[in-house]
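**Student:** Mind looking over this structure? Questions follow.
The values are calculated or read from the model by the stated rules, or taken from the named source; none is laboratory data. If you're wondering where the values come from, they're calculated on a predicted model, not measured in any experiment. Please note: Cβ atoms are built from the backbone with ideal geometry, for glycine as well, and neighbour counts cover all protein chains shown. Side chains included, ligands, DNA and RNA excluded: accessible areas come from the protein's heavy atoms. Shrake-Rupley method; radii C 1.70, N 1.55, O 1.52, S 1.80 Å.
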Amino acid sequence: MTSGFPGPRARLVLASALMLFVELALIRWTSSNNLYLVHLTNFVLLASFLGIGVGFLRGTRGPDLLPWAPLLLALLVGFVLAFPVRTGLTNDRGWALVGGFGMGPLPRWLSLSVIFALTAASLMAIAQETARTFARFAALDAYRFDILGSLTGILTLTGLSFLRLPPLAWGSLAALTLALLLGRRLRILHVAALAVVVGLLGVESFAGSYQWSPYYKIQVRDAPGGNVRIDVNNTPLQTSASVADIRKDSPFYLYPYTYAGPHDDVLVIGAGTGNDVAVALAQGAKRVDAVEIDPALVEIGRARHPERPYADPRVHVHVDDGRAFMQRTKRHYDLILFALPDSATIVTGQSALRLENYLFTTQALTRARELLTADGTFAMYNYYEPWLLDRYANTIATVYAAAPCVQLGPTHGNRTQAVLTLRTDASTGGCTTTWKGSPTALEPSVDDRPFPYLGTRTIPAFYLKMLALILIASIAAVRIAGGPLRGIRAYADLFFMGGAFLLLETKNVVQFALLFGTTWVVNAAVFAGVLLSVLLAIEVARRVSIRRPLLLYAALLAALGLAWAVPSDWLLDLPLGVRFAAGVAIAFAPIFLANLVFAVRFRQVGDTTVAFGANLLGAMVGGALEYLSLILGFNSLLVIVALLYGLAFLTGRKHLAAA
């Protein structure tokens, strides 16, 4: 039995808030400590949905699991910190993954298996508490309070991100909430486990001189010569250096100016702490627009960069997404630099999208060309593997119908410093080392399929093995922990709705990232908008008698068809205000209608916790289906969404008649 404090409504809101808060915090925190998770974009999300789904299935039976949550979270936090996976240098100056204390990392399968199991178990314990309170209300009332809690959870984590508070704050808030929910069940063991969680996160937050921006775990360390080394998410990002040291140690920063024309007005995308800006100023630039998505990196550059480039009056700093800035700006530039924009950070746990992916599509490079002056120059540079260098060179060649100039620097391991440049008129400015088209060069990335780091249109073999093992383990977990599967079969339509809605939400995340930028503000706004749409659908279903639910399916199909048919290019060409209105209407109409379909069905269910658990397990399957976008592109997800709602219709026809 649970304590009488807080009351049932407040308890459900609080438990739901904790559930989503812990899920989102784990998605962000684990990937900042374990590089295995950087490309497995929704791995922790799938574990969370499995745990929450099983927790709801056990909502009205079995032993009380919430007292186990503190211990499970302590084990998870301890494991991730004891066995990190980070980037280190090999003997031949190449990069390799290393573990803690100078040891090698755990095998990938072992590291990921433990994280998956502990994440699912932790969320299962919290979800069961949510489900037990959920069952005390009428279906739509319970759903409404759950969504209010979810909205509270995401807004809380967003606020902590805005304040740039470290994981100590996240863990402390979660620990206090857990203690409040445990109430009279709180024992000394639980207090000790919560103290371990808070203590470990406190050590990480302060002992390693880390900063936590909305995107990164940042470590700043002194480097020789008064320079500063910056690591993000356990990966070296940049050494802020004087121009003299850059000339000596990293001359490829200067390569773009070798064959460039005038460079009075310069745009730097991915300005970081200011190296590229300092070089542009040293080369005589009269104005530099420096675009950097992370405000913490800009502040580090202001305070610690040896040249203090951001203090120069010629420099205009824009904390923004690079693609979004290019879409909005009206200025034209003599030189546009894509300056090592490699974030190694995913947008959310719900899309295979990294912060910089939309910079490297043909549409992005076309927009960059439109912003060049008549004799302007475009340049991009980084440490590239040969196949990736060929892909980017092929992308430039596709946009300009000419091969770019290629300047190569030293090779470190399997990566080579390389600079690709081309002028507005597709000339190379006298460069003779142009890219030689390769028959094996990979196709350019496009906005609908912005995956430059994926070699071919395929799902990597490891992803397939991982998904297969997850689905097998999930079936076993549902059967063992949740009881006979026949109880879920009665809610097959809700299962399909869960998968469809997860994919629909994912499509909206990436759509808004393209239209308005991959910033944390945009992502938080999308999730909040989704939850508000759900709330609106619940209120409509509570107050309006919908006599023909079949018409809702027809309207949903029409809304999905419209979202599929409207090209992103058309939306990007609209003025910002009109683009926002059109984007919201096209994206959130299917969200609202989908939740109206769900709410009308959910109000009829006999067992709200099992029904909701089936819906959440369907969402986990939807997360697995999301990987089809690697082959088909994001717009194709809407077709899969329509098919899943078709299955929901077929398996739930008798409930439509009853309604």
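**Student:** Considering only region 105-124, state which residues are buried (at least 23 other Cβ atoms within 10 Å of the Cβ) and of a type in the set (Gly, Ala, Ser).
**Tutor:** Across region 105-124, the qualifying residues are 120, 121, 122.
**Student:** Quick check on residue 579: is it under 20 Å from residue 531 (Cα atoms), touching a residue at least 40 places away in the same chain (Cβ under 8 Å), among the basic types (Lys, Arg) and open to solvent by less than 50 Å² (accessible area, probe 1.4 Å)?
**Tutor:** Spelling it out, it is not the case that residue 579 is under 20 Å from residue 531 (Cα atoms), touching a residue at least 40 places away in the same chain (Cβ under 8 Å), among the basic types (Lys, Arg) and open to solvent by less than 50 Å² (accessible area, probe 1.4 Å).
**Student:** Under 6 Å by Cβ, and 6 or more places apart or on different chains, what pairs join a residue from region 269-285 that is closer than 23 Å to residue 321 by Cβ with one that is in a loop (DSSP other than H, G, I, E, B) and open to solvent by less than 10 Å² (accessible area, probe 1.4 Å)?
**Tutor:** 273/305; 274/305; 277/271
**Student:** In region 446-483, which residue that is in contact with a helix residue (DSSP H, G or I) (Cβ under 7 Å, 6 or more places away or on another chain) and polar (S, T, N, Q) is nearest to residue 366 (Cα to Cα)?
**Tutor:** Of everything passing the filter in region 446-483, 458 is nearest to residue 366 (Cα to Cα).
**Student:** Is it fair to say residue 468 is in a helix (DSSP H, G or I) and modelled with pLDDT of 85 or more? Can you show your working first?
**Tutor:** Values: in a helix (DSSP H, G or I): yes; modelled with pLDDT of 85 or more: yes.
Taking the combined requirement at face value, the residue satisfies it.
**Student:** In addition: For the structure I just gave you, tell me whether residue 86 is closer than 30 Å to residue 416 by Cβ, in contact with a helix residue (DSSP H, G or I) (Cβ under 9 Å, 6 or more places away or on another chain), modelled with pLDDT under 90 and surrounded by fewer than 24 Cβ atoms within 10 Å (Cβ to Cβ).
**Tutor:** So residue 86 passes the test.
**Student:** Further question: How many residues are open to solvent by less than 40 Å² (accessible area, probe 1.4 Å), among the small types (Gly, Ala, Ser) and over 23 Å from residue 589 (Cα atoms) if we restrict to region 620-659?
**Tutor:** Of the residues in region 620-659, 1 are open to solvent by less than 40 Å² (accessible area, probe 1.4 Å), among the small types (Gly, Ala, Ser) and over 23 Å from residue 589 (Cα atoms).
**Student:** Looking only at region 198-225, which residues are assigned to a helix (DSSP H, G or I) and open to solvent by less than 10 Å² (accessible area, probe 1.4 Å)?
**Tutor:** Correct list: 205 only.
**Student:** Here's a follow-up. For the subset of region 272-302 comprising residues that are of a type in the set (Lys, Arg) and in contact with a Lys or Arg (Cβ under 7 Å, 6 or more places away or on another chain), which member is farthest from residue 319 (Cα to Cα)?
**Tutor:** So the residue we want is 286.
**Student:** Still on this structure, I have one more. (1) open to solvent by less than 50 Å² (accessible area, probe 1.4 Å); (2) in contact with a strand residue (DSSP E or B) (Cβ under 6 Å, 6 or more places away or on another chain); (3) assigned to a strand (DSSP E or B): which one isn't true of residue 237, the others all being true?
**Tutor:** Here residue 237 meets the rest and fails (1).
**Student:** Which residue pairs have Cβ atoms closer than 8 Å, lie 6 or more positions apart in sequence or on different chains, and pair a first residue in region 546-560 that is over 13 Å from residue 595 (Cα atoms) and at pLDDT below 95 with a second residue that is not basic (Lys, Arg) and not in a loop (DSSP other than H, G, I, E, B)?
**Tutor:** As it stands, the answer is 546/552; 546/596; 546/600; 550/656, since those pairs meet every condition given.
**Student:** Does residue 573 meet the test of being among the charged types (D, E, K, R), touching a residue at least 24 places away in the same chain (Cβ under 8 Å) and open to solvent by 10 Å² or more (accessible area, probe 1.4 Å)? Walk me through how you get there before you give the answer.
**Tutor:** On the way: among the charged types (D, E, K, R): yes; touching a residue at least 24 places away in the same chain (Cβ under 8 Å): no; open to solvent by 10 Å² or more (accessible area, probe 1.4 Å): yes.
Against the criterion (among the charged types (D, E, K, R), touching a residue at least 24 places away in the same chain (Cβ under 8 Å) and open to solvent by 10 Å² or more (accessible area, probe 1.4 Å)), residue 573 does not qualify.
Let's see how each residue does on (1) without any contact (Cβ under 8 Å) to a residue 12 or more places away in the chain; (2) aromatic (Phe, Trp, Tyr); (3) more than 19 Å from residue 79 (Cα to Cα):
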| residue | (1), (2), (3) |
| --- | --- |
| 155 | no, no, yes |
| 160 | no, no, yes |
| 163 | yes, no, yes |
| 167 | no, no, no |
| 172 | no, no, no |
| 181 | no, no, yes |
| 186 | yes, no, yes |
| 194 | no, no, no |
| 200 | no, no, no |
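**Student:** Here's something else I'd like to know. Just to be sure I understand, how many residues within region 213-251 are basic (Lys, Arg) and in contact (Cβ under 8 Å) with a residue 12 or more places away in the chain?
**Tutor:** Count: 2.
For every residue, the table says whether it meets (1) within 25 Å of residue 444 (Cβ to Cβ); (2) hydroxyl-bearing (Ser, Thr, Tyr); (3) at pLDDT below 90.
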site: 269; (1), (2), (3): yes, no, no
site: 303; (1), (2), (3): no, no, no
site: 307; (1), (2), (3): no, no, no
site: 366; (1), (2), (3): yes, yes, no
site: 378; (1), (2), (3): yes, no, no
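**Student:** Related question: With open to solvent by 30 Å² or more (accessible area, probe 1.4 Å) and among the aliphatic types (A, V, I, L, M) as the only criterion, which of 160, 173, 140 stands out?
**Tutor:** Of 160, 173, 140, the one residue that is open to solvent by 30 Å² or more (accessible area, probe 1.4 Å) and among the aliphatic types (A, V, I, L, M) is 173.
**Student:** While we're looking at this one, here's another question. Could you check, for region 446-453, whether at least one of its residues is out of contact with any Pro (no Cβ under 9 Å at 6 or more places or on another chain), in a helix (DSSP H, G or I) and at pLDDT below 90?
**Tutor:** Checked region 446-453: no residue is out of contact with any Pro (no Cβ under 9 Å at 6 or more places or on another chain), in a helix (DSSP H, G or I) and at pLDDT below 90.
Yes or no, residue by residue, for (1) in contact with a Leu (Cβ under 9 Å, 6 or more places away or on another chain); (2) within 24 Å of residue 528 (Cβ to Cβ); (3) surrounded by fewer than 21 Cβ atoms within 10 Å (Cβ to Cβ):
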site: 551; (1), (2), (3): no, no, yes
site: 584; (1), (2), (3): no, yes, yes
site: 594; (1), (2), (3): yes, yes, no
site: 597; (1), (2), (3): yes, yes, no
site: 612; (1), (2), (3): yes, yes, no
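**Student:** Among the residues of region 418-438, are any assigned to a strand (DSSP E or B), surrounded by 16 or more Cβ atoms within 10 Å (Cβ to Cβ) and of a type in the set (Gly, Ala, Ser)?
**Tutor:** There is at least one residue in region 418-438 that is assigned to a strand (DSSP E or B), surrounded by 16 or more Cβ atoms within 10 Å (Cβ to Cβ) and of a type in the set (Gly, Ala, Ser).
**Student:** Can you spot a residue in region 494-505 that is in a helix (DSSP H, G or I), open to solvent by 20 Å² or more (accessible area, probe 1.4 Å) and within 30 Å of residue 328 (Cβ to Cβ)?
**Tutor:** yes
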